[in-house]
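Okay, structure first, notes after.
The values are calculated or read from the model by the stated rules, or taken from the named source; none is laboratory data. Worth saying up front: this structure is predicted, and the values here are computed from it rather than measured. Glycine also receives a Cβ, built like all others from the backbone with ideal geometry; neighbour counts cover every protein chain displayed. We work out accessible area using only protein heavy atoms, side chains counted, and drop any ligands, DNA or RNA first. Shrake-Rupley method; radii C 1.70, N 1.55, O 1.52, S 1.80 Å.
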Amino acid sequence: MSTLSSSKQTTIVNAAFLQEVKDSNYELWATLHELRELVETNETGDSCRKFVLSLEHLRDSLALEFSLEETYGYITGARVLRTDATGDAECTRRQHGALYLQLQEICEQAEEAEYRGTIARDLAELMEAYAAFDSSFLAHEALEARVIDASLGKSIEQFE
């Protein structure tokens, strides 16, 4: 891990709180699992309404998750020695907004399709958009896990 002296305000993680926030949000993880199953089965019919409701629930759960993570898991404005982990912490915190907006757009499209009565026709496209979001979210979670591990002094070699 490289360090550079800097007086720039940075973002660091409070690893214990960030991990606790993640571990305690069962609804978020259950909703993600439910949506992944819906996308994998790719069925129409009753799954249209369930998909839209699950998206809405995920959007709300994710807003709460990101809010709690940013409140308790990230510390911005700290003056510390710059490390690779602080750069990643800034990156993961910034990803929250982009991920939320990506999910919000999918929700709006799904709600509009349901309102217009085109949800069955548009479902495959919406599920594809959700799958792209899910892939981005999984990449974010993996990076955030590495930031947590780095903050706790764990190295990649410990996990191999």
Rounded to whole Å², per residue accessible area for segment 10-152 with a 1.4 Å probe reads 52
Leaving ligands and nucleic acids out of the surface, order 48, 91 by accessible area at 1.4 Å, largest first.
91, 48
From the Cα gyration tensor of segment 10-152, with a ≥ b ≥ c the square roots of its eigenvalues, which class applies: rounded if a/c is under 1.5, or else prolate if a/b is larger than b/c, or else oblate?
prolate
Tell me which residues come under 5 Å, amide H to amide H, from residue 14 once H is placed; ignore anything under 5 positions away on its chain.
74, 75
Once phi is turned into θ = phi - 60°, what whole-Hz ³J(HN,Hα) does the Karplus curve with 6.51, -1.76 and 1.60 give for every residue of segment 48-60, x standing for Gly and Pro?
4, 5, 4, 4, 5, 4, 5, 4, 4, 5, 4, 4, 5
Estimated vicinal HN-Hα couplings, Hz - segment 27-33 in sequence order (Karplus 6.51, -1.76, 1.60; Gly, Pro = x):
4, 4, 5, 5, 5, 4, 4
With Cβ to Cβ distances under 13 Å as the rule, what net charge do the other residues near residue 116 carry (K, R +1; D, E -1)?
-4
Approximate spin-label separation residue 131-residue 115, in nm, with each point projected 7 Å along Cα-to-Cβ:
2.8
For segment 10-152, with the dipole built from +1 on Lys and Arg beta-carbon atoms and -1 on Asp and Glu ones, taken about the Cα centre, which of 13, 35, 102 lies farthest toward the positive end?
13
